[in-house]
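Notes for the one structure printed next.
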Amino acid sequence: MRFIVVLMLLLTTGMSVSALAKDKPQVTPPQIITLAAISLPQDVKEKYAEQTVAVKVKATISVYGTVDGEVKIITSSGDAAFDNAVIESIQKSVFSPAYSDTTAISSSILLPLHVKVEKIIPEEQANGEAQPIAE
């Protein structure tokens, strides 16, 4: 008889735990929809030309998909001007908010970025135009 009571208790406990697990909301993290261009100052572009620079930032995304509050540098590039350009880019970017089931919620996101800085090509060379020769 004790065996049956213990078995019934275990079955009842198992059912209530699985029932509780089904009530847990499904959370979908925020996603980047459009990452704004990173506008680096000319001297920073020259300094990092043809390099990939890693920066990790943390931002809070509102229920509207906008950055809410301060963007924090978690892993710096080592250059304050570079980091500030990344922060400005994230603040101008568009996100989808996080969702708890079907309800939009505010949440934080960590973004590990690897920024490839292209070599600077003068505009006339990029267009294939010949440069005038000074006499």
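The values are calculated or read from the model by the stated rules, or taken from the named source; none is laboratory data. Because the structure is predicted, anything quoted here is derived from the model rather than measured. When the accessible area is computed, the model is the full protein with side chains, heavy atoms only, and any ligands, DNA or RNA have been set aside. Shrake-Rupley method; radii C 1.70, N 1.55, O 1.52, S 1.80 Å.
Computed quantities for the displayed model
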quantity: Solvent exposure ordering (accessible area, 1.4 Å, most first) of 40, 35; calculated: 35, 40
quantity: Solvent exposure, largest accessible area first (probe 1.4 Å, DNA, RNA and ligands not counted), of 79, 68; calculated: 68, 79
